[in-house]
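Notes for the one structure printed next.
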Amino acid sequence: MTSALRLGTRRSKLAMAQSGHIAEAVQQITGRSVELVEITTYGDTSRELLAQIGGTGVFVTALREALLSGEVDFAVHSLKDLPTAQPDGLVLAAIPVREDPRDALVARDGLTFEQLPDGARIGTGSTRRMAQLNAYARSHELRIETVPIRGNIDTRVGFVRSGELDAVVLAAAGLSRIGRSGEVTDFFPADIILPAPGQGALAVECTAVNADLIAQLAELDDPYTRAAVTAERSLLAALEAGCSAPVGALADVLADGQNHTEMRLRGVVGSIDGSELVQLSTTGPVPTSHEGIVALGRELASEMLAKGAAGLMGERAR
């Protein structure tokens, strides 16, 4: 009897839902059962704000160690949590079709963002969201207070239900994956809040020596999602910014009928109080190689750095 494949996953409800979805797909492809192996990461146990502990790799390192030690055969990550440098010995075998990359509002009394009261307290664990929310509020003469928070989706939404906060901002994809999209009271278009690089996408990772599994997992890969997130992560890497920096990026592969002809990449860096924002975009033919996609991200990052982006990335949420 063929042994079960071991899938390494974080223990959170969201991570388990994401991993369960991938496990079902892998089981269909391979014909082998898939066992979820729950692994606790530093980001799960620390109570500090992500911006204070650095963010980069805190939800990933323990999973990667389990892969390299042979404790698990493959792992599922939220792509936005992955450091941009790929470690030796591991490969991103698949990046499946991306979920909605937008950020979403969960507010009291079903309020949209525009309906929030003057001085509304909005919770988020992301400096990127804080910077863009505060910049939008400044430009539209709105008065809001962005409040740094930690915790899983239940904890964050609980701040609203208890009345401690007027609203929280969460990734739309995460709410969708655990069946809670119905609680969203508003979605933020990308011209208000650009998402984190890779937001809404999953990464399926395994060891480089496992050629058979790499080939099987590759069936889950979506080339358009991979191209888009590669451009976003290239921009992030070129800015030399980590997962907790106030950087947003979104690449769209634009279709002309049945043909995907152009890629638009948008990037933003801002001060947490929203007083300064560097936001640029570029559109051109879809690069035909991985190197071309990486170059697109680097070029936009270079333009952003020339506009002063470097001075906005060293902030931390207080």
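Below are the figures for this structure:
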| item | result |
| --- | --- |
| Criterion (surrounded by fewer than 22 Cβ atoms within 10 Å (Cβ to Cβ), at pLDDT 95 or above, under 22 Å from the mean Cα position of the chain (by Cα) and not basic (Lys, Arg)) met by exactly one of 191, 186 | 186 |
| Any hit, segment 108-122, residues being of a type in the set (S, T, N, Q), in contact with a strand residue (DSSP E or B) (Cβ under 8 Å, 6 or more places away or on another chain) and buried (at least 17 other Cβ atoms within 10 Å of the Cβ) | no |
| Residue 139 vs. criteria modelled with pLDDT of 95 or more and surrounded by fewer than 16 Cβ atoms within 10 Å (Cβ to Cβ) | no |
| Meets criteria (crowded, with 21+ Cβ neighbours inside 10 Å, in a helix (DSSP H, G or I) and either modelled with pLDDT under 95 or among the acidic types (Asp, Glu) (or both)) for residue 128 | yes |
| Answer from 85, 104, 93, 66 - the residue that is within 16 Å of residue 206 (Cα to Cα) and assigned to a strand (DSSP E or B) | 93 |
| Any hit, segment 158-170, residues being aromatic (Phe, Trp, Tyr), over 30 Å from residue 253 (Cβ atoms) and crowded, with 17+ Cβ neighbours inside 10 Å | yes |
| Residue under evaluation residue 58, criteria (1) touching a Lys or Arg at 6+ places or on another chain (Cβ under 9 Å); (2) at pLDDT below 95; (3) among the β-branched types (Val, Ile, Thr); (4) surrounded by 19 or more Cβ atoms within 10 Å (Cβ to Cβ), criterion not met | (1) |
| Flag for residue 268 being outside the structural domain of residue 148 (by TED's automatic domain parsing), surrounded by fewer than 16 Cβ atoms within 10 Å (Cβ to Cβ) and touching a residue at least 60 places away in the same chain (Cβ under 8 Å) | no |
| Any hit, segment 87-97, residues being under 26 Å from residue 132 (Cβ atoms), modelled with pLDDT of 95 or more and buried (at least 23 other Cβ atoms within 10 Å of the Cβ) | yes |
| Single match in 138, 156 (criterion: among the basic types (Lys, Arg) and out of contact with any strand residue (DSSP E or B) (no Cβ under 8 Å at 6 or more places or on another chain)) | 138 |
| Matching entry among 254, 217, 194 (being more than 26 Å from residue 126 (Cα to Cα), of a type outside the set (Lys, Arg), touching a strand residue (DSSP E or B) at 6+ places or on another chain (Cβ under 7 Å) and not assigned by TED's automatic domain parsing to the domain that holds residue 23) | 254 |
| Filter result for the condition that a residue is touching a helix residue (DSSP H, G or I) at 6+ places or on another chain (Cβ under 8 Å), β-branched (Val, Ile, Thr), buried (at least 23 other Cβ atoms within 10 Å of the Cβ) and touching a residue at least 12 places away in the same chain (Cβ under 8 Å), over 278, 229, 253 | 229 |
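Listed here are the residues, each with its yes/no results for (1) at pLDDT 95 or above; (2) touching a helix residue (DSSP H, G or I) at 6+ places or on another chain (Cβ under 6 Å).
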residue: 159; (1), (2): yes, no
residue: 164; (1), (2): yes, no
residue: 198; (1), (2): yes, yes
residue: 206; (1), (2): yes, yes
residue: 215; (1), (2): yes, no
residue: 238; (1), (2): no, yes
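The values are calculated or read from the model by the stated rules, or taken from the named source; none is laboratory data. These figures come from a predicted structure and were not determined experimentally. Positions of Cβ are generated from backbone atoms using ideal geometry, with glycine treated the same way; all protein chains shown enter the neighbour counts.
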